[in-house]
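Shown next, in structure tokens, is the structure this report addresses.
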Amino acid sequence: MGDGEKGMKVCVFGLYHTGSTVAASLASAGFSVAGLDFDGGAVKGLQGGTPPLFEPGLEELFKFAIEAEQLSFTSDPEKALDGCDLVWVTFDTPVDDRDNADVGYVTENVVKVFPYLKDGSVLLISSQLPVGTTSSLERAFCQAFPQRRVSFAYSPENLRLGSSIESFKNQARVVVGMRCVEGRDVIKRLFGPFGFPIVWMGVESAEMTKHALNAFLAASVAFINEIAAICERVGAECKDVETGLKSEPRIGKGAYLKPGGAFSGGTLARDVKFLISIAEKNGLKPGLLSSIQKSNDEHKLWAERKLSEYFGSLKGRKVTVLGLTYKPQTSTLRRSGAIGLCGRLVGMGAQVRAYDPAIRRLPPRFNSKVIVLDSSMDALLGADALVVATEWEDFKRLTADNLADSMRHPLVLDQSGFLESALKHDPRIKYITVGKAV
């Protein structure tokens, strides 16, 4: 265990991906952590040391912290918040297939814990919510409990599926928005063991920082993939263009400009949608923001376009999809781009076979439509084409010989060039990446 603030008790409220990572990380740093979620089934699994989804190292942290009595889980808010100095709201805001967020799900749960908040404590929100939500919750609390003193704060989360523990413990900085200074000492104690620099600002500014950051990243992805599509038609190499852009000091080598797949999941799209809605409610016309999702949706069809250019009709063609999860090193299928791809290929008449190290079955709607095999080699046997969808390190064991010997047509669509070093220069393999002229 680490050297967390002695005597400081933290409640982590909302225990899916963000919450389970935060709870385990704080407990491993020495804090006394109570995990709270009103989903009794989820709490039961957590009490047994089983995380809600796979993350490297998370289960080990859970079991260690539970055994050390630094971490507990409950559905009882009175028990979880008893004596808590800080309540950290970490719900993963639900989002539907059209990127509409269920904000009410989060706010209604937060209101339920108002009666149990300790005087002088801090309510820190990290769920993705529209700017102004923290203020509305603060007003609701003050109206219900005018004699109580609780500091409301907002801090954007920056965890990455598949490396969430590492990304939590090694953040370059933490943005925290607070309206008053009274709660700052509690926040400093919370982040002290990790050594994060804290960037202080107003609550609304912190909320907008999250929106703006994700919208900027989304725009960067859409931009470079549009450039890549043009490169494919005119004989340019988009990776060379990427190098040229990043060597420009006004852009920089860390820019989010790598030709590859469209962004998937709800994270980036949710904030783009938040900003569009907020702008329109304030009488603005956000033309640039409105075009981001349209551009990204078009790029999602890259693999199907390439397959159709190569084969014409896909009816009866055997297409292997490697990787099904939203990201590597996680077991979640929620908003996975690979799942959308499988559905579209089936709709085009292809016989789809797939392999993913973390997945053995797909949702019921794919029954008999997509065959999930036990190994990448099984999935490749007799295939007309291979699409690399989720970039698991396991796939780098594949060689050009494996593909040439197993596939009927060694055609490989690898959006980001994940298998480039093994396959690009073998004349037996037709190897296609985003932004490369064929």
* Asked: Restricting the first residue to region 148-174 and requiring it to be touching a residue at least 60 places away in the same chain (Cβ under 8 Å) and within 18 Å of F91 (Cβ to Cβ), which pairs with a second residue that is among the aromatic types (F, W, Y) and in a loop (DSSP other than H, G, I, E, B) meet a Cβ separation below 8 Å and a spacing of at least six or different chains?
  -> L161/Y326
* Mind listing just one residue for me: the one in region 137-183 that is modelled with pLDDT of 95 or more, part of a helix (DSSP H, G or I) and of a type outside the set (S, T, N, Q) and, of those, farthest from F263 (Cα to Cα)? => A144
* Does A212 satisfy the condition of being part of a helix (DSSP H, G or I) and surrounded by 20 or more Cβ atoms within 10 Å (Cβ to Cβ)? -> no
* Out of the residues in region 227-259 that are surrounded by fewer than 16 Cβ atoms within 10 Å (Cβ to Cβ) and acidic (D, E), which is farthest from N296 (Cα to Cα)? -> E248
* Structure fact -> Over region 101-130, the set of residues of a type in the set (A, V, I, L, M, F, W, C), surrounded by 21 or more Cβ atoms within 10 Å (Cβ to Cβ) and closer than 24 Å to T267 by Cα is A101, V106, V110, L123, L124, I125, L129
* Would you mind telling me which numbered condition in (1) crowded, with 16+ Cβ neighbours inside 10 Å; (2) in contact with a Gly (Cβ under 8 Å, 6 or more places away or on another chain) L386 fails? => (2)
* Asked: Does any residue of region 327-341 turn out to be surrounded by fewer than 17 Cβ atoms within 10 Å (Cβ to Cβ) and not in a loop (DSSP other than H, G, I, E, B)?
  -> yes
* Would you check which residues across region 177-197 are hydrophobic (A, V, I, L, M, F, W, C) and free of Cβ contacts under 8 Å to residues at least 40 places away in the same chain and list them? => M178, C180, V181, F191, F196
* Asked: What number of residues in region 229-279 are outside any helix (DSSP H, G or I) and under 30 Å from R334 (Cβ atoms)?
  -> 13
* region 27-55 - residue that is surrounded by 18 or more Cβ atoms within 10 Å (Cβ to Cβ) and charged (D, E, K, R) and, of those, farthest from K118 (Cα to Cα) -> E55
* Structure fact -> Residue set K294, K315, K285; condition free of Cβ contacts under 8 Å to residues at least 40 places away in the same chain, not in a helix (DSSP H, G or I) and not assigned by TED's automatic domain parsing to the domain that holds K369; output residue K285
* To do: Return a yes/no flag: does region 188-197 have any residue that is in a loop (DSSP other than H, G, I, E, B), aromatic (F, W, Y) and touching a Leu at 6+ places or on another chain (Cβ under 6 Å).
  => no
* With respect to L58, determine if the residue is surrounded by 15 or more Cβ atoms within 10 Å (Cβ to Cβ) and under 25 Å from the mean Cα position of the chain (by Cα). => yes
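The values are calculated or read from the model by the stated rules, or taken from the named source; none is laboratory data. Computed from a prediction, not measured in an experiment: that's the story for all the values here. When we count neighbours, we look across all protein chains shown, and the Cβ atoms used for this are built from the backbone with ideal geometry, even at glycine.
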